[in-house]
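The values are calculated or read from the model by the stated rules, or taken from the named source; none is laboratory data. Every value quoted in this text rests on a predicted model; they were computed, and no experiment measured them. Positions of Cβ are backbone-derived with ideal geometry, glycine not excepted, and every protein chain shown enters the neighbour counts. We work out accessible area using only protein heavy atoms, side chains counted, and drop any ligands, DNA or RNA first. Shrake-Rupley method; radii C 1.70, N 1.55, O 1.52, S 1.80 Å.
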4 protein chains.
Amino acid sequence: MTALATRRCKPCEGGTPPLTPEQAAQLLTQVSSAWTLINSAHAIRREFSFRDFYRTMSFVNAVAHVANIEDHHPDLEVGYNYCHVTYTTHAVRGLSENDFVCAAKIDLIPLS
Amino acid sequence: MTALATRRCKPCEGGTPPLTPEQAAQLLTQVSSAWTLINSAHAIRREFSFRDFYRTMSFVNAVAHVANIEDHHPDLEVGYNYCHVTYTTHAVRGLSENDFVCAAKIDLIPLS
Amino acid sequence: MTALATRRCKPCEGGTPPLTPEQAAQLLTQVSSAWTLINSAHAIRREFSFRDFYRTMSFVNAVAHVANIEDHHPDLEVGYNYCHVTYTTHAVRGLSENDFVCAAKIDLIPLS
Amino acid sequence: MTALATRRCKPCEGGTPPLTPEQAAQLLTQVSSAWTLINSAHAIRREFSFRDFYRTMSFVNAVAHVANIEDHHPDLEVGYNYCHVTYTTHAVRGLSENDFVCAAKIDLIPLS
């Protein structure tokens with residue numbers, strides 16, 4: 001468990017600037033290498049694949065529990081055998097530490 | 001309940017042609033008008049919005065149950081207050097009656 | 001679909017008496033015969049069985065959606081291949097029409 | 001995180017004896033003190049309470065993911081604002097280490 005995964009999401013304050021690409025790149029090293037920066041470093045994304053829809057939904061609901069507890073919610077693309085997870089912080093129009101905290105928590109959800 | 005919602009998905013047979021745009025347009029009249037043809041009539045899509053993520057996931061899991069029972073699975077985009085549902089039939093590289101049968105069943109899931 | 005399944009749960013008013021055993025027995029004829037009166041007609045219960053835990057949880061989440069929409073919540077016993085659903089109305093210390101409305105809606109959830 | 005939570009459930013072999021009450025009592029010290037031995041040390045049980053049914057089901061689905069991944073399934077009692085989790089190992093007619101491994105994993109699911 002990395003230090004990031006043990007942190008909690010903080011309430012977003014209006015006016016906070018988003019992470020710079022350099023800050024984002026540094027935090028990216030603290031989560032699974034499967035996460036990538038997208039949208040000019042305004043979001044992070046990880047793709048998960050599964051054997052069937054039952055296993056996909058089991059994982060989706062585990063992700064949802066993290067979102068509910070942290071009150072920070074990803075955008076998900078979900079289909080028969082996949083779930084793609086994207087985090088961004090709308091309130092700062094880019095990435096915040098919250099996105100990486102949640103990514104680190106998602107990394108702890110067991111896959112098999 | 002429309003006749004469509006009472007039908008069951010049929011196993012897809014290889015070599016079956018997809019619905020023509022005309023056939024798709026006709027079946028589209030038998031589901032909620034919120035469904036639209038997309039991708040040159042290769043898929044149908046409906047957008048749902050919700051008050052919060054708990055209500056979104058409650059609906060997503062109800063959709064998942066329809067998918068599990070019919071063994072025909074949508075592609076979903078899911079976020080804090082929305083779920084977009086897309087049906088297509090990969091085996092025929094376009095739309096099949098199964099997509100409309102499932103759309104009609106999704107229409108029966110209560111929203112409030 | 002029975003008339004009962006098309007009704008909505010009503011807010012419980014304090015002081016409302018519970019259904020009499022005779023009233024409960026009459027409403028019981030309008031839901032699946034798999035529902036039984038228990039606890040001296042203070043609750044109704046139906047047992048469902050499934051092939052595995054994935055299918056059980058798919059059904060449990062479909063039941064949960066009905067509960068969320070109706071704002072009337074069952075007590076569930078859930079294990080690997082079973083889900084037992086019990087409805088009672090705590091506010092009236094017995095059965096109300098709400099319990100049968102929800103039972104009728106649960107009866108509409110597809111099982112296979 | 002205790003060592004127990006990092007272990008995996010092992011396939012149950014027929015003929016394996018259940019844990020003795022002494023062995024069970026020792027493993028019980030390695031999980032949350034909210035777990036109690038029940039049924040003459042044939043099962044362990046922990047009660048969780050929540051603010052509403054949405055939060056209850058979010059937790060229930062997180063528990064279900066642990067069960068799916070470990071292929072070891074609890075018995076759950078679930079209602080509006082509670083979830084009671086019971087583990088036993090039917091194959092040994094009593095407790096096995098698997099029950100405590102899963103209990104330790106359940107202890108890691110965040111509650112708030």
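A few points about this structure:
- In percent, rounded to a whole number, the relative contact order of chain D is 38, using alpha-carbon pairs under 8 Å and six or more apart.
- Listed residue (B:Val85, B:Pro18, B:Phe53) projecting farthest to the positive dipole end of chain B, Cβ model: B:Phe53
- The angle separating the long axis of helix D:53-70 from the principal Cα axis of greatest extent in chain D is about 30 degrees.
- Isotropically averaged projected area of the protein assembly as shown, using the convex hull of Cα atoms (one quarter of hull area), nm²: 25.1
- The H on the amide N of A:Gly94, modeled in the peptide plane, is under 5 Å from the matching H of A:Thr89, each at least 5 residues off or on a different chain.
- Of the accessible area of the protein assembly as shown, computed with a 1.4 Å probe over protein heavy atoms only, carbon and sulfur atoms account for 52 percent.
- Phi to ³J(HN,Hα) by Karplus 6.51 cos²θ - 1.76 cosθ + 1.60 over the stretch A:38-45, Hz, x for Gly, Pro: 9, 6, 6, 6, 9, 7, 10, 8
- Under 29 Å from the Cα of D:Lys105 - lysines, other chains or at least 8 residues apart: A:Lys10, A:Lys105, D:Lys10
- Other protein chain C-beta atoms within 10 Å of residue C-beta, averaged over C:48-55: 3.
- For the residues of C:77-87, the average number of beta carbons from a partner chain within 10 Å of their own beta carbon is 3.
- Heavy-atom surface of the protein assembly as shown, accessible at 1.4 Å and reported per residue (Å²): 46
- CD proxy at 222 nm, helix term only [per DSSP H run n ≥ 4: -39500 (n - 2.57); per residue of chain B; nearest 500]: -11000 deg cm²/dmol
- C:Gln30 paired with D:Ala34, simple spin-label distance in nm, labels 7 Å along Cα-to-beta-carbon: 4.0
- Contact surface D-B: accessible area buried, both sides summed, square angstrom, 1.4 angstrom probe: 400
- At R0 = 25 Å, FRET efficiency that the Cβ-Cβ distance of B:Ala91 and C:Asn81 yields, to 0.05: 0.25
- Cα radius of gyration and Dmax for the stretch B:1-86 (Å): 14.2, 43
- Space enclosed by the convex hull of the alpha-carbon atoms of the stretch D:51-91, per residue, Å³: 49
- In the stretch C:24-112, the trypsin sites (Lys or Arg not before Pro) that fall in loop regions by DSSP, at most 13 other Cβ within 10 Å: C:Arg51, C:Arg93
- Estimated dipole of the protein assembly as shown in Debye, rounded to 20 [Cβ of Lys and Arg +1, of Asp and Glu -1, Cα centre]: 0
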